[in-house]
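One structure below.
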Amino acid sequence: MASVSHNLMKFFRSTSNQPAAAPPQKLTRRSSGVGEISRVINSQEGLRILDVGSTSANNIRFFTDQGHKNYSEDLLRASLDPALRVQDAAGNSIVDTKKFLDENLVYANGLFDIVLCWNLPDYMEESLVKPTIDRLWSVMKPGGLLLAFFHTRDAGPDSTCYRYLVTGTDMLEMQEVRFAPPGRPASEKQSPRLQRVFNNRHIENLFRDFASIKFFLARDNIREVLVVR
Amino acid sequence: MDAQQVTELATIGKSVVVKGELSGSEDLYIDGHVEGSIDLHNSSLTVGPNGDVKANISAKAIVIQGKVDGSLTASDRLDLRKSAIVTGDLTTQRISIEEGAFLKGKIDLQKEAGKGAASK
């Protein structure tokens with residue numbers, strides 16, 4: 001099990017230069033993608049919204065107060081479950097994609113009107129990204145919207161991993177995500193490490209089964225991507 | 001929590017395993033392993049940091065610090081503390097989720113009485 005924990009540490013940033021008890025950082029940013037989604041949720045009722053980012057009471061209240069149904073699955077943390085790790089023929093530790101999809105995103109096809117991916121694809125194990133997007137395609141309604149954030153090449157590996165709290169029509173509050181890696185005590189919270197940077201072609205390929213894709217460039221080394229199922 | 005409250009609180013300790021139906025009309029603290037169903041109607045339930053519950057839970061107020069696998073229905077409020085790991089659907093009027101809590105499920109926040117019909 002120690003080797004499993006060791007393998008999982010590549011998903012976290014080193015904490016050697018960080019103060020142990022630093023309070024979570026709070027920032028705000030304007031989001032064109034959230035603005036587009038707000039137009040939909042303000043004009044329709046009873047939408048089903050799936051948030052696959054960090055669990056947030058703020059987002060739950062924001063959407064349910066407007067009469068929509070909210071579903072929450074923290075897929076990044078779920079993907080780091082040591083029970084998902086298996087060894088391939090060469091003895092390398094890999095994640096069992098089938099088991100991950102057997103245990104997560106288990107919904108009826110065509111259930112969701114909106115999916116909030118936030119920055120999940122940039123921080124998740126690479127072998128899980130495409131299968132997860134494909135599963136999301138299945139559980140979304142035709143015409144449904146999916147919002148994802150991708151770092152640009154200028155973002156370094158120590159780019160902070162944020163949770164995004166919707167605070168207004170097109171406003172987000174950003175809080176640094178920190179949690180204890182599996183098998184570590186709760187006092188050893190760390191921030192997930194950026195795993196890769198997708199270029200535009202990769203992103204288009206990732207969402208090739210979707211009907212359309214729209215990019216919004218932001219100043220903070222983030223591309224917002226809004227895709228229509 | 002003062003000493004008097006501690007003595008009045010029914011507790012399932014961390015070495016206790018219970019399988020079956022739990023119901024009652026007093027507050028309950030679970031720090032052990034419970035499988036089945038829990039119905040406390042007008043009382044509060046706290047699942048402690050060592051608690052491991054596989055049950056559908058219904059209570060007036062529910063506080064989760066440990067692990068729960070099952071649907072949670074709180075007629076008043078639901079608190080997920082930072083160490084909470086919850087897999088199941090939530091139904092309540094008021095919800096509080098600390099940073100670090102893990103939740104997988106549907107959330108149905110119902111409007112408080114006098115403020116309109118329940119959200120659907």
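The values are calculated or read from the model by the stated rules, or taken from the named source; none is laboratory data. Note that this is a predicted model, so its numbers are computed, not measured. All Cβ positions, glycine included, derive from the backbone under ideal geometry; neighbour counts span all protein chains shown.
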> Among (1) at positive phi; (2) touching a Lys or Arg at 6+ places or on another chain (Cβ under 8 Å), which single condition is residue A:94 missing?
Replying inline: (1)
> Within the range A:49-62, restricting attention to residues that are out of contact with any Ser or Thr (no Cβ under 7 Å at 6 or more places or on another chain) and more than 9 Å from chain B (Cβ to nearest Cβ), which residue is surrounded by the fewest Cβ atoms within 10 Å (Cβ to Cβ)?
Replying inline: A:62
> Which ranges mark the strands (runs of 3 or more DSSP E) fully within the range B:26-120 that have 3 or more residues being more than 13 Å from the chain's Cα centre (by Cα) and more than 10 Å from chain A (Cβ to nearest Cβ)?
Replying inline: B:33-39
> Any idea how many residues of the range B:30-49 are surrounded by fewer than 20 Cβ atoms within 10 Å (Cβ to Cβ) and over 15 Å from residue B:84 (Cβ atoms)?
Replying inline: 9
>> Condition (residue is part of a strand (DSSP E or B) and at pLDDT below 95) applied to the range B:1-9: is it met by at least one residue?
In response: no
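Filter the strands (runs of 3 or more DSSP E) completely within the range A:37-138 down to those with at least 2 residues that are without any contact (Cβ under 8 Å) to a residue 60 or more places away in the chain and over 21 Å from residue A:205 (Cα atoms).
A:69-73, A:85-87, A:93-95
I want to confirm something. Restricting to the range B:18-37 and keeping residues that are β-branched (Val, Ile, Thr) and touching an Asp or Glu at 6+ places or on another chain (Cβ under 8 Å), which single residue is farthest from residue B:66 (Cα to Cα)?
That would be B:18.
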> Taking only pairs six or more apart or across chains, which ones have beta-carbon atoms under 6 Å, a first residue in the range B:3-16 that is under 14 Å from residue B:49 (Cβ atoms), and a second residue that is modelled with pLDDT of 90 or more and surrounded by 10 or more Cβ atoms within 10 Å (Cβ to Cβ)?
Replying inline: B:11/B:29; B:12/B:30; B:12/B:32; B:13/B:31; B:13/B:32; B:14/B:31; B:14/B:32; B:14/B:50
> Can you tell me how many residues in the range A:159-204 are outside any loop (DSSP other than H, G, I, E, B), more than 15 Å from residue A:80 (Cα to Cα), within 14 Å of chain B (Cβ to nearest Cβ) and not aliphatic (A, V, I, L, M)?
Replying inline: 6
